[in-house]
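Pasting a structure here, questions to come.
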């Protein structure tokens with residue numbers, strides 16, 4: 001009887017797991033090493049994974065800090081972006097929409113940002129965070145170029 005209950009539980013979870021993988025597959029365009037050298041700042045992101053049903057990322061801004069990122073299922077199975085700036089506890093941003101090579105994640109209750117957007121155009125990746133600070137709308141955007149190895153802005 002116990003084996004049957006376990007089997008039924010696994011079967012009940014199987015379509016969700018397949019759907020989760022399919023959703024991650026829609027975001028695999030994010031994979032790779034990305035570098036921004038705008039305004040004298042070096043900002044890099046590296047995204048990898050996907051086959052496990054999750055994407056894992058690291059972010060780095062030279063002289064300012066780092067961030068861990070993960071896109072995967074939350075406790076309810078919804079595809080979610082988990083941000084951990086400076087290695088802090090994760091903040092969850094639910095997938096609001098994905099279309100082609102663009103995705104938007106939102107968390108209306110977070111202090112800042114409330115929205116994270118990614119859009120890929122060939123070898124360029126556009127990232128943006130937006131929301132309100134002190135009652136004023138704020139948008140911060142980056143344009144990354146795809147790089148083939150771990151390098152910085154001053155590398156030849």
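The values are calculated or read from the model by the stated rules, or taken from the named source; none is laboratory data. Worth saying up front: this structure is predicted, and the values here are computed from it rather than measured. Here the Cβ positions follow ideal geometry from the backbone for every residue, glycine too, while neighbour counts run over all protein chains shown.
Kindly provide the set of residues from segment 114-124 that are in contact (Cβ under 8 Å) with a residue 24 or more places away in the chain and within 12 Å of the chain's Cα centre (by Cα), ordered by number.
Within segment 114-124, 116, 118 qualify.
Could you grab me the full set of residues in segment 125-140 that are surrounded by fewer than 17 Cβ atoms within 10 Å (Cβ to Cβ) and more than 15 Å from the chain's Cα centre (by Cα)?
132, 133, 134, 135, 136, 137, 138, 139, 140
Can you run down the residue pairs with Cβ atoms below 7 Å, 6 or more apart or on separate chains, where the first is in segment 45-70 and in contact (Cβ under 8 Å) with a residue 40 or more places away in the chain and the partner is outside any loop (DSSP other than H, G, I, E, B) and crowded, with 17+ Cβ neighbours inside 10 Å?
Note: pairs meeting the criteria are 45/34; 45/57; 45/59; 45/144; 46/33; 46/57.
Taking into account only those residues within segment 63-77 that are more than 14 Å from the chain's Cα centre (by Cα) and assigned to a loop (DSSP other than H, G, I, E, B), which is nearest to residue 30 (Cα to Cα)?
This residue is 77.
State the number of residues belonging to segment 88-113 that are under 15 Å from the mean Cα position of the chain (by Cα), surrounded by fewer than 19 Cβ atoms within 10 Å (Cβ to Cβ) and within 23 Å of residue 42 (Cβ to Cβ).
Final tally of qualifying residues: 0.
Answer with yes or no whether residue 52 is assigned to a loop (DSSP other than H, G, I, E, B), surrounded by fewer than 15 Cβ atoms within 10 Å (Cβ to Cβ), more than 12 Å from the chain's Cα centre (by Cα) and modelled with pLDDT under 95.
yes
In this structure, does residue 121 turn out to be modelled with pLDDT of 95 or more and surrounded by 14 or more Cβ atoms within 10 Å (Cβ to Cβ)?
It is false that residue 121 is modelled with pLDDT of 95 or more and surrounded by 14 or more Cβ atoms within 10 Å (Cβ to Cβ).
Separate question: Of the conditions (1) in contact (Cβ under 8 Å) with a residue 24 or more places away in the chain; (2) buried (at least 16 other Cβ atoms within 10 Å of the Cβ); (3) farther than 19 Å from residue 144 by Cβ, residue 77 fails just one. Which one is it?
Exception for residue 77: condition (2).
Still on this structure: Specify which of the listed residues (87, 59) is assigned to a strand (DSSP E or B) and either under 19 Å from residue 143 (Cα atoms) or modelled with pLDDT of 95 or more (or both).
Residue meeting the stated conditions: 59.
Kindly indicate whether any position in segment 101-110 is at positive phi and not in a strand (DSSP E or B).
Taking every residue of segment 101-110 in turn, none turns out to be at positive phi and not in a strand (DSSP E or B).
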